[in-house]
Amino acid sequence: MKKGKKDIRALTKEQLQEFFVGQGDKSFRGTQVYEWLWGKGAHSFEDMTNVSKETRQMLDDNFVINHIRVDQMQRSSDGTIKNAVKLHDNLTVESVLIPTKKRTTACVSSQVGCSLDCRFCATAKLKRMRNLNPDEIYDQVVAIDNESRLYFDKPLSNIVFMGMGEPLMNYKNVLKSIEMITSPEGLGMSPKRITVSTSGVPKMIKKMADEDVKFKLAVSLHSAIDEVRTSIMPFNANFPLEDLREALEYWYAKTKSRITYEYVVWKGINDKRKDVEALVKFCKYVPCKVNLIEYNDIGDETFKQAPSETTDMYIDALERNRISVTVRRSRGKDIDAACGQLANKSEVVA
Ligand code: SAH
């Protein structure tokens, strides 16, 4: 990026309109340029054919348009696609396209690395380098939408913020990206098809509820016992389950939107009856469903997937208590694209 020039996509529509008014132009010019930058995906000011040459030059003197670049694309034997995405400062994040019969889902990253330290997650082994900007999140979605059309003959249908990073530790930019993904100038997608997944940052969950957001919330729970949860997700010591519970009750009271709990069952960690009972109890606080995720090995001896009898014990107990439960099979394992496996491996030189 040239020094001194601002990333034009960091501006809101209103800021862009104000910029043009400040230049003695009409605010409408701001709207025009905004549409080029987002919905039409312009990569250069030259592309903006309904804007005068002088204006395009003036923009070029003041701003840059940053875009991500899909550096490497890998395809799994099950159809899953993983993109290694280069950012303008040469850092890399990964995003994943997960196709099923009915839908295609984009799994996008919100940070380079991660702020948190979940022991079972490969991304946590990377240092958190920086937050992604709204346009960098948006561009991941656009790239996957294009791949979905190209390889599966249909547009992207769903988005999950389950790639690298903790979305609620990059709150402002994640919300801004969703605003663009859902706005008519952007991709015009319904917020109901977007899920933000968090390890559970109570203060931010409440803030989100206050802002009347319309997307869905998933919480990576993995244990409903503080001691166990802290041992596998150390930040839980600062945000204990009681605070999480209170935030989730607040979220539901405001949004009336059911929460999904993501949960992996590990051998020797959360495979006892008391773990199951604690989860059932936690599930009764707020309307929810449980998504049992298959563990993807990241080469740590401490974590091994529990046998199916243990998972069945969870399913039985949840169903008996009328809590809806689904088992999510892992996708894209052979290319390290499954949950918790995103670690920029293509970059690591042995
Ligand atoms: N930071 C956010 C989003 C990223 S993780 C969050 O924690 O929700 C996306 C999901 O994958 C989370 O539910 C996470 O707990 C889970 N996960 C992490 N490592 C995993 C692994 N090795 N196997 C299976 N799931 C994993």
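Residues in the range 281-299: is at least one within 15 Å of Phe120 (Cβ to Cβ) and away from the ligand (no atom under 12 Å from the Cβ)?
Of the range 281-299, the ones within 15 Å of Phe120 (Cβ to Cβ) are 292-299.
Those left that are additionally away from the ligand (no atom under 12 Å from the Cβ): none.
The answer is no; no qualifying residue exists.
Looking at Ile144, Ile137, which is the one that is closer than 14 Å to Ile181 by Cα, more than 16 Å from the ligand (Cβ to nearest atom) and among the aliphatic types (A, V, I, L, M)?
Details: Ile137 fails: more than 16 Å from the ligand (Cβ to nearest atom).
Exactly one residue qualifies, and that residue is Ile144.
Among the residues of the range 130-171, what is the count of those that are open to solvent by 10 Å² or more (accessible area, probe 1.4 Å), under 19 Å from Met233 (Cβ atoms) and in contact with a Pro (Cβ under 7 Å, 6 or more places away or on another chain)?
0
Of all residues being near the ligand (Cβ under 9 Å from one of its atoms) and small (Gly, Ala, Ser) in the range 99-122, which is most open to solvent (accessible area, probe 1.4 Å)? Just the residue, please.
Top of the filtered list is Ser115.
Only one of Leu175, Leu126, Leu132, Leu168 is within 11 Å of the ligand (Cβ to nearest atom) and in contact (Cβ under 8 Å) with a residue 24 or more places away in the chain; which?
Step by step, each of Leu175, Leu126, Leu132, Leu168 is checked, and only Leu168 is within 11 Å of the ligand (Cβ to nearest atom) and in contact (Cβ under 8 Å) with a residue 24 or more places away in the chain.
Does Asp135 satisfy the criteria of being over 11 Å from the mean Cα position of the chain (by Cα), outside any helix (DSSP H, G or I), assigned by TED's automatic domain parsing to the domain that holds Gln74 and of a type in the set (Asp, Glu)?
no
Just to check your reading of the model, which residue among Glu319, Glu309 is more than 15 Å from the ligand (Cβ to nearest atom), more than 26 Å from Ile259 (Cβ to Cβ) and either open to solvent by 60 Å² or more (accessible area, probe 1.4 Å) or touching a Leu at 6+ places or on another chain (Cβ under 6 Å) (or both)?
Exactly one of Glu319, Glu309 is more than 15 Å from the ligand (Cβ to nearest atom), more than 26 Å from Ile259 (Cβ to Cβ) and either open to solvent by 60 Å² or more (accessible area, probe 1.4 Å) or touching a Leu at 6+ places or on another chain (Cβ under 6 Å) (or both), namely Glu309.
Looking only at the range 240-270, count every residue that is surrounded by 18 or more Cβ atoms within 10 Å (Cβ to Cβ) and either within 13 Å of the ligand (Cβ to nearest atom) or under 28 Å from Glu309 (Cβ atoms) (or both) and tell me the total.
12
Pairs under 8 Å by beta carbon, first residue over 24 Å from Lys289 (Cα atoms) in the range 326-350, partner modelled with pLDDT under 75 and not aromatic (Phe, Trp, Tyr), six or more apart or different chains?
Asp336/Lys345
Please indicate, with yes or no, whether at least one residue in the range 272-285 is closer than 23 Å to Phe161 by Cα and at pLDDT 95 or above.
Yes; the residues of the range 272-285 include at least one that is closer than 23 Å to Phe161 by Cα and at pLDDT 95 or above.
Have a look at Thr92, Thr80 and point out the one that is touching a Lys or Arg at 6+ places or on another chain (Cβ under 8 Å), within 15 Å of the ligand (Cβ to nearest atom) and open to solvent by less than 40 Å² (accessible area, probe 1.4 Å).
Checking each option against the conditions leaves just Thr80.
For the range 17-30, give me each residue that is closer than 22 Å to Gly188 by Cβ and either modelled with pLDDT under 95 or open to solvent by 40 Å² or more (accessible area, probe 1.4 Å) (or both). So that I can check it myself, show each step before the final result.
Pass one, the range 17-30, residues closer than 22 Å to Gly188 by Cβ: 17, 28, 30.
The answer is Gln17, Phe28.
Checking the conditions here, which among Gly268, Gly186 is out of contact with any Leu (no Cβ under 8 Å at 6 or more places or on another chain), at pLDDT 95 or above and in the same structural domain as Ala122 (by TED's automatic domain parsing)?
Testing whether each residue is out of contact with any Leu (no Cβ under 8 Å at 6 or more places or on another chain), at pLDDT 95 or above and in the same structural domain as Ala122 (by TED's automatic domain parsing) leaves just Gly268.
The values are calculated or read from the model by the stated rules, or taken from the named source; none is laboratory data. Just so it is clear, the model here is predicted, and its values are computed rather than measured. Because the Cβ atoms are built from the backbone with ideal geometry, glycine has one as well, and the counts that use them run over all protein chains shown. Keep in mind that these areas ignore ligands, DNA and RNA; they rest on the heavy atoms of the full protein, side chains included. Shrake-Rupley method; radii C 1.70, N 1.55, O 1.52, S 1.80 Å.
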